[in-house]
Amino acid sequence: MTLGYESESLSVMRTLYSQDFEDNLTPSRSVIEHCRESVENDDEDDSVALLQYRGTRTEYELGIEYVESLDPLDRVLGVDLLGQLGWGDQTFLEESVHALIPMLKDTDERVVFSAAIALGHRSDPQAIPHLIEIAKHENSDIRYGVVLGLLRHEDPDAIQALIQLTKDADADVRN
């Protein structure tokens, strides 16, 4: 079902609709600050889903702001936001992919792991060679992220990398 709503003077058509999210009028900056505080305190919080659902320029710009932060937890949050921005509508797809690919070379392994998964959600073929480049990373979590990043691709190089990862020493990566 596709429903529309007005946001930032722009009519947006949704392929997935959530009345709870539609009714939530909390400003996006407040939502992301709450989410960041929850991450820091190791609290369960899924408010990033609200931002992903909204998927407007405001949320895109918040994602970019957070991936450019010096704080790795901010970068993880920014990556997570950009990875599913607009949910099935995949808003700001190309811009997000261009912001996410460099995050695969981040100095913090949590950011790299999250970026690999985020690129899997975006399922853009531009990410394939960058994901393959880190498929033999020493960190098994990152290799697992690569698996999730490549799963939706039918590209022969992606398939070959996935086949190689089925022989990984880590059971989660293999499976």
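The values are calculated or read from the model by the stated rules, or taken from the named source; none is laboratory data. Not measured: the values here are computed from a predicted model. Here the Cβ is made from the backbone with ideal geometry for all residues, glycine too, and neighbour counts use every protein chain on show. For the accessible areas, the whole protein counts, side chains as well, though only heavy atoms, and no ligand, DNA or RNA atoms are used. Shrake-Rupley method; radii C 1.70, N 1.55, O 1.52, S 1.80 Å.
So here's what we get for this one:
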{"quantity": "Top-ranked residue in segment 42-72 [being in contact (Cβ under 8 Å) with a residue 24 or more places away in the chain and over 14 Å from the mean Cα position of the chain (by Cα); ranked as most open to solvent (accessible area, probe 1.4 Å)]", "calculated": "ARG57"}
{"quantity": "Unique residue being in contact with a Leu (Cβ under 6 Å, 6 or more places away or on another chain) and on the phi < 0 side of the Ramachandran plot when the list is ILE117, ILE64", "calculated": "ILE117"}
{"quantity": "Among residues of segment 98-152, those that are open to solvent by less than 10 Å² (accessible area, probe 1.4 Å) and charged (D, E, K, R), counted", "calculated": "1"}
{"quantity": "Tally of residues being more than 19 Å from TYR17 (Cα to Cα) and out of contact with any helix residue (DSSP H, G or I) (no Cβ under 8 Å at 6 or more places or on another chain) across segment 44-65", "calculated": "1"}
